[in-house]
Structures are given as structure tokens and as C-alpha cells.
Amino acid sequence: MKKRIIKRWTPAELEKLHSTYLSTSWKELTSVFGRSIASINQKALSVGLLRGSNSDRSRFWSLEEEQYLRDHYPTQGTAVASIIGRAATAVLKKAQDLGVSRKIANSNCSFKRHTSPIGSERIIGRHLMRRVALTGIRKQDWRRVDVIEWEAINGPVPDGMFLAKPTRQRDGTDLRLVTIEELPMLAALNCMSPEMRNLVQIKARLNYALTRIEKQNPDQAIQPRIPKKYTTRPNSWRTHENDYLRENYLNLDNTDLAKSLGRTPRGVEHQLLILGIKRPRRNSWSKEEDKKLLTLYVTTSISELMRIFGRTKPAIYQRAKRLGLEKAKT
């Protein structure tokens with residue numbers, strides 16, 4: 001692995017850097033010092049030499065500069081940037097940090113920014129707005145021109161009502177009063193095509209007319225069509241199926257009952273719980289039952305064993321497995 005060689009700066013190079021850094025191009029500096037631009041720039045920053053974009057980014061404001069900004073910025077503005085040797089954007093940002101603002105001559109308002117006179121108009125968003133006051137609060141100073149013209153003809157907007165446009169036209173001829181419940185509908189209409197908007201509006205007028213007729217003539221009100229309800233569910237249990245469960249739940253397990261009825265074991269278990277049927281817990285196998293099972297298990301069918309012992313098929317198979325019994329494979 002090649003060892004990295006660090007070329008240290010000599011006092012003569014540092015003295016030359018101080019005299020040439022600010023007035024010499026990067027290309028000439030690299031040829032003079034035989035170093036990269038990054039190396040030269042890093043060393044210049046470490047010794048306090050600043051140039052280009054670093055001059056205002058890394059320089060700290062002294063107390064004298066801040067005081068000069070407080071004294072002269074209200075009257076001179078960004079012109080103080082050339083006096084103190086900083087960029088205009090740096091002066092603006094520092095003035096905002098210090099809370100210093102420009103003074104407006106011949107103005108009685110307390111709003112210190114540049115303000116347009118009352119009656120001036122401008123487009124804010126997608127509406128033409130007109131200045132009506134000089135409070136410094138945008139919502140109070142600016143109002144929509146179409147709303148001002150509407151109120152001049154129809155009077156102020158009543159409480160609980162709003163002015164809205166059914167379409168996206170910019171003129172104030174289609175303004176109308178709406179309630180707060182109608183605002184979401186108008187927003188949806190603006191996103192529809194003209195044909196769909198007309199259909200929705202026609203439907204709304206028909207519904208309004210029908211509602212008004214029903215209020216005037218309650219006896220002739222149109223009754224809504226109620227769909228016919230099912231008397232029983234399609235998969236509901238029949239009476240004969242419940243009777244079969246009651247008769248055979250002791251002799252058959254849920255799997256055999258499900259096969260006989262054409263249902264699932266989970267459905268059989270759920271229906272037994274609904275009917276309140278519980279299988280009694282069997283006592284442990286006695287010695288006589290074990291001897292009898294040892295004698296009959298190999299030669300007797302499982303259905304006959306279920307009848308003899310009065311137990312389910314899984315119970316007999318499980319007991320035979322514990323006793324080490326196996327039926328002969330045919």
C-alpha cells in the first residue's frame with residue numbers, strides 16, 4: 001500500500017497566500033503553490049482568508065456592524081451593504097434577525113413594510129383583490145373585487161351564508177348565496193364535466209321539488225320501496241337437522257355428524273352450542289372395559305364396538321392406540 005505523503009505549508013507559502021489569495025485566480029494559485037483548489041481553500045479558511053461566496057457566509061457580525069445596521073438600515077436600506085462590505089441578502093437577513101425594518105415616509109400606519117395605497121388592486125391566488133384598509137393583516141386589508149361589487153348591489157352577506165361560484169368563471173356575475181351544507185357539493189361540481197354537472201343539478205332540482213310536494217301533501221308522499229326480507233337464512237338449520245343432532249350427538253363425533261348432514265365440523269359445533277347440547281364427560285376406562293376391548297378390537301367392526309361400549313369412534317381408536325392394539329390390514 002502506497003504511503004500518503006502530507007505536504008505541509010511553509011511560512012513562506014503562508015505569507016505568499018496572504019498576499020495573493022484575494023486577487024489571484026484559482027488556476028494561477030494552483031500553479032503557484034502546486035496544490036489542489038480544495039487544499040488552498042481549506043488553508044485560507046483556517047487562517048481567516050475569505051473570498052467569493054464564503055465572504056458573507058462565514059464572517060461573523062461584529063458589535064460595531066450590528067450597531068451600524070440598527071442606526072442606518074431604517075433610512076438607507078440595503079445601501080449599507082456596500083459600506084460595511086457585505087452582500088445585500090446578508091444585510092436583509094441580519095436586519096430580520098435583529099428586528100430592524102425600513103421606515104416609510106409620510107405614512108401614518110403602523111405597518112412598516114412597503115404598502116400599496118387603499119383602492120389598489122392585484123391578483124392574489126386566482127382572485128382579483130382590492131385593498132380596503134392599512135391594518136397590516138391581509139385578511140382585513142384585501143377583499144375580493146367580485147364580492148365587493150355583489151355587496152354593493154345586494155347588501156352585506158347574511159349571517160350563516162356564504163358567497164360561492166357554481167362554476168369556475170372569474171367574473172362576479174354567477175355569485176350566489178349558499179349554506180355551509182352546500183359548499184362540499186359545489187366543490188364536487190367544479191371538478192365535473194359540464195354534462196355531468198348539468199345532470200347532477202337537474203337531479204338536485206327534482207329532489208328538491210319532490211321534497212316540497214311531500215311536505216305540502218303528506219298523504220300523497222311517495223313511499224320508498226322496501227326490499228323483501230328473507231324469512232330464513234339460506235344456510236339456516238332445519239328442524240329435522242336439529243333432531244338428528246339431538247339423537248346422534250352421543251354416538252357420533254362432529255366430523256361424522258357433519259358428513260351426514262352435509263355441513264362443516266365447525267358449523268356442527270356451533271349449532272350444538274346454540275341448542276345447548278353438551279356431551280357428558282366420559283369416565284375413565286375401567287379394567288373390565290380394557291379387557292373386553294383387548295378381546296374384541298381385532299375381530300369386531302368399529303360400529304359394533306361403538307354400540308357395545310357406548311363411546312365415540314375417536315375414543316375407541318385412542319384407547320386402542322394406548323393399549324397397543326392394531327386391526328389387521330386386509
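I'd like the residue in the range 265-312 that is of a type in the set (V, I, T) and outside any loop (DSSP other than H, G, I, E, B) and, out of all such residues, is nearest to E241 (Cα to Cα). Lay out the reasoning, then the answer.
Let us first name the residues in the range 265-312 that are of a type in the set (V, I, T), namely 268, 274, 277, 295, 298-300, 302, 308, 312.
Checking the rest, the ones that are also outside any loop (DSSP other than H, G, I, E, B) come to 268, 274, 295, 302, 308.
Numbers: V268: 10, I274: 13, T295: 37, I302: 25, I308: 26 Å.
Per the stated criteria, the residue is V268.
Conditions (1) farther than 30 Å from V145 by Cα; (2) touching a Leu at 6+ places or on another chain (Cβ under 6 Å); (3) at pLDDT below 80, marked per residue:
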site: S193; (1), (2), (3): no, no, yes
site: L206; (1), (2), (3): yes, no, no
site: N217; (1), (2), (3): yes, no, yes
site: Y244; (1), (2), (3): yes, no, no
site: L250; (1), (2), (3): yes, no, no
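Taking the range 86-130 as the range and being part of a loop (DSSP other than H, G, I, E, B), touching a helix residue (DSSP H, G or I) at 6+ places or on another chain (Cβ under 8 Å) and either at pLDDT 75 or above or surrounded by 15 or more Cβ atoms within 10 Å (Cβ to Cβ) (or both) as the test, the residues that pass are R86, A87, V100, S101, R102. Selection over the range 18-40 of residues that are closer than 15 Å to L50 by Cβ and more than 56 Å from the chain's Cα centre (by Cα) gives a count of 2.
Pick from T239, T231: which is at pLDDT 80 or above, exposed (fewer than 10 other Cβ atoms within 10 Å of the Cβ) and more than 39 Å from the chain's Cα centre (by Cα)?
Working: T231 fails: at pLDDT 80 or above.
Exactly one residue qualifies, and that residue is T239.
Condition check: more than 30 Å from K93 (Cβ to Cβ), at pLDDT 80 or above and within 56 Å of the chain's Cα centre (by Cα). Does K3 satisfy that? It is false that K3 is more than 30 Å from K93 (Cβ to Cβ), at pLDDT 80 or above and within 56 Å of the chain's Cα centre (by Cα). Scanning the range 287-319 for residues that are surrounded by fewer than 16 Cβ atoms within 10 Å (Cβ to Cβ), under 12 Å from N251 (Cβ atoms) and hydroxyl-bearing (S, T, Y) yields one hit, S303.
The values are calculated or read from the model by the stated rules, or taken from the named source; none is laboratory data. Note that the coordinates shown come from a computational prediction; the quantities given were computed from them, not determined experimentally. Neighbour counts are summed over all protein chains in view; Cβ atoms, including those assigned to glycine, are modelled from backbone coordinates with ideal geometry.
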